[in-house]
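Laboratory data are not the source of any read-out in this text; all were calculated from the coordinates shown. Quick caveat: nothing in here was measured; it's all calculated off a predicted structure. A quick note on method: Cβ atoms are made from the backbone with ideal geometry, for glycine too, and the neighbour counts reach across all protein chains shown.
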Amino acid sequence: MFSGEKVRLRRIEKADLWPLWEWHERDELYLFKHIKSFVSWDEIHDNYHEYFAWKGDFIIQDKGSIILGICSYHNLNWKNRSCSMSFRMIDGYYDFLLSVDAVHVLASVIFNELNLVKIDAFVPQVANFNIQTFEKVNFLHEGILREHIFRNNRYLDVHILSLFREGFNNND
Amino acid sequence: MADLPNVFEWSQDKELMKYYDELPINTSFEMEHILRQNISAVDRIDYIIEAKKRESIGRIFFSRINLEDKHLEIHTMVGEKKKRNMFFGAEAAFLMLLHAFHQLNMHKVYGRVMEYAKEAEILQKEMGFTKEAVFKKRYFQKGKYRNAFLYGLLDREFEDLLKSPKGQRYLAASQGRGKMRA
């Protein structure tokens with residue numbers, strides 16, 4: 001478990017699957033993106049160890065164990081010493097104090113424990129809250145991928161942001 | 001697998017491989033393993049570029065094929081030193097773009113280019129790609145972190161290219177010279 005000022009990050013447990021699945025049914029979570037479409041709840045439950053084997057996915061919770069969202073690092077590249085980061089807050093917890101703390105804790109793990117030097121984030125244009133959160137942790141814009149993803153019957157641009165180890169303030 | 005000797009030989013060319021973000025491949029066996037993985041990958045299609053006399057001169061492939069968002073990444077690699085000029089790369093890329101947009105029904109094709117790959121950058125611009133992002137210090141090559149650019153081409157932009165005199169020339173040329181095979 002990794003702790004910040006306001007949040008903790010912990011591994012996804014089997015008991016988290018049902019609330020995550022319900023959230024996914026409403027909002028389409030990136031966590032389930034790699035799982036084939038139209039998969040049943042039973043299948044997810046039975047294959048938990050296969051689907052959630054990746055150690056880079058975390059539950060964001062407050063200090064009282066209320067689940068606030070999820071965050072992850074992925075696309076880890078040891079040669080270039082880089083990875084990507086994603087996060088999602090549950091409706092009702094769109095609070096910069098919480099999201100910034102969560103992203104900061106995860107960035108700290110990536111730089112100080114995994115010894116990587118760069119983090120990328122690919123954020124759809126509609127996710128303004130996520131873009132602003134990354135900006136508050138000193139992520140810089142590297143470009144906009146035009147019409148790169150298809151959501152709700154339209155193509156959306158995707159913002160690329162990145163953070164280097166030297167641009168990361170460990171004391172924030 | 002008949003192409004394995006050529007593909008392995010190209011992978012040993014350090015001058016060529018500095019343009020690609022790949023780990024060094026040391027044995028032919030290792031390359032065979034990678035090629036077999038590539039053949040069975042669902043998000044990838046590989047081709048060999050052949051010149052007029054059916055000699056293999058390079059590789060061209062799609063990776064990260066995303067059927068939901070309808071985009072993919074294109075990679076062009078002309079391995080034969082004597083054939084490393086604009087013509088072969090451009091014609092091969094044009095044929096692949098036709099394949100991506102007119103057969104696979106993609107919405108977008110994109111490609112990454114190392115900052116020092118000037119010819120590749122010219123090729124992307126020649127095909128109508130737009131520079132969308134600068135990946136700062138993204139790839140570790142020859143002891144340094146290097147910048148790279150991401151270029152993207154949308155389906156409607158490719159159709160505009162096809163209607164232009166330049167596109168018409170490529171279309172005519174591609175039907176008469178050069179061939180590609182899987």
message: Defining a contact as two alpha carbons under 8 Å apart and six or more residues distant in sequence, what relative contact order in percent does chain B show?
response: 20 percent
field: Spin-label proximity, A:Lys14 to the stretch A:22-52 - amide N less than 15 Å from point 7 Å beyond Cα toward beta carbon
entry: A:42-52
message: Taking 20 Å as the cut-off for C-alpha to C-alpha distance, list the pairs among B:Lys52/B:Lys131; A:Lys79/B:Lys118; B:Lys52/B:Lys118; A:Lys6/A:Lys118; B:Lys14/B:Lys136; A:Lys79/B:Lys136 that go past it.
response: B:Lys52/B:Lys131; A:Lys79/B:Lys118; B:Lys52/B:Lys118; A:Lys6/A:Lys118; B:Lys14/B:Lys136
task: Give the relative contact order (percent, whole number) for the stretch B:82-166; include only Cα pairs under 8 Å separated by 6+ residues.
output: 30 percent
task: Please build a GNM for chain A, connecting alpha carbons under 10 Å apart, and tell me which residue among A:Ser65, A:Ser86, A:Ser162 fluctuates the most.
output: A:Ser65
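Please find the FRET efficiency linking B:Ile39 to A:Asn138, where r is the Cβ-Cβ separation and R0 is fixed at 41 Å, and quote it to the nearest 0.05.
Details: r = 43 Å, r/R0 = 1.04.
After rounding to 0.05, the efficiency reads 0.45.
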message: At 222 nm, what value in deg cm²/dmol follows for chain A if DSSP H runs of at least 4 each add -39500 (n - 2.57) and the sum is divided by all its residues, to the nearest 500?
response: -8000 deg cm²/dmol
- request: Given the options A:Leu20, A:Leu156, A:Leu140, state which has the largest fluctuation in a GNM of chain A using a 10 Å cut-off (strictly under) for Cα springs.
  value: A:Leu156
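Rounded, prolate or oblate: which fits the stretch B:1-154, taking a ≥ b ≥ c as square roots of the Cα gyration tensor eigenvalues, rounded meaning a/c under 1.5, else prolate when a/b beats b/c?
On the way: a/c = 1.32, a/b = 1.12, b/c = 1.18.
Since a/c stays below 1.5, the shape of the stretch B:1-154 is classed as rounded.
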Local net charge near A:Ile149, Cβ-Cβ under 9 Å (Lys/Arg +1, Asp/Glu -1): -3
query: In the Gaussian network model of chain B, springs joining C-alpha atoms below 10 Å, which of B:Ser28, B:Ser56, B:Ser11 carries the largest mean-square fluctuation?
result: B:Ser28
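From the Cα gyration tensor of the stretch A:54-172, with a ≥ b ≥ c the square roots of its eigenvalues, which class applies: rounded if a/c is under 1.5, or else prolate if a/b is larger than b/c, or else oblate?
oblate
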query: Got a sec to turn the phi values of the stretch A:151-160 into Karplus ³J(HN,Hα) couplings, 6.51 cos²θ - 1.76 cosθ + 1.60 with θ = phi - 60°, whole Hz, x for Gly and Pro?
result: 9, 6, 6, 8, 7, 10, 6, 10, 7, 9
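Which value at 222 nm does chain B reach when only helices count, each DSSP H run of 4 or more adding -39,500 (n - 2.57), with the total divided by all residues and rounded to the nearest 500 deg cm²/dmol? Before the final figure, lay out each step's value.
Details: 7 runs with 68 residues, N = 182.
Helix-only estimate at 222 nm: -11000 deg cm²/dmol.
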statement: Listed with the fewest Cβ neighbours within 10 Å leading, B:Met106, A:Met1 appear as A:Met1, B:Met106
- request: Can you tell me how much longer the chain between B:Ala172 and B:Lys82 gets when fully stretched, taken as 0.36 nm per residue apart minus their C-alpha distance, in nm with one decimal?
  value: 30.0 nm
message: Need one word for the protein assembly as shown: rounded, prolate or oblate. Basis is the Cα gyration tensor (sqrt eigenvalues a ≥ b ≥ c); a/c below 1.5 gives rounded, then a/b vs b/c decides.
response: prolate
statement: Expected sort for B:Ser164, A:Ser82, A:Ser72, B:Ser40 with the fewest Cβ neighbours (10 Å cutoff) up front is B:Ser40, B:Ser164, A:Ser72, A:Ser82
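May I ask you to derive the relative contact order of the stretch B:1-61, considering only C-alpha pairs under 8 Å and at least 6 residues apart, and to give it as an integer percent? Working shown, then result.
Working: 47 pairs, mean separation 16.2, N = 61.
Computed over the stretch B:1-61, the figure is 27 percent.
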statement: If amide H atoms are modeled at 1.01 Å from N in the peptide plane, then the residues at a separation of 5 or more from A:Lys6, or on another chain, having amide H under 5 Å from its own are none
message: Restricting to DSSP loop positions (anything but H, G, I, E, B) with no more than 16 other Cβ atoms inside 10 Å of their own Cβ, which chymotrypsin sites (Phe, Trp or Tyr not before Pro) remain in the stretch B:73-146?
response: B:Tyr116
Eligible aspartates and glutamates near B:Lys53 by straight Cα distance, threshold 18 Å, same-chain separation 8 or greater: B:Asp3, B:Glu80, B:Glu91
task: Determine the distance separating the Cα centre of the stretch B:111-147 from the Cα centre of the stretch A:77-136; give it in Å without decimals.
output: 25 Å
query: How do A:Glu166, B:Glu50 line up, fewest other C-beta atoms within 10 Å first?
result: A:Glu166, B:Glu50
Within the stretch A:143-165: backbone nitrogen closer than 16 Å to the B:Thr130 label point (7 Å, Cα to C-beta): A:143-149, A:155-160
task: Taking the Cα centre of the protein assembly as shown as origin, work out the dipole magnitude from +1 charges on Lys and Arg Cβ and -1 charges on Asp and Glu Cβ, in debye rounded to 20.
output: 1560 debye
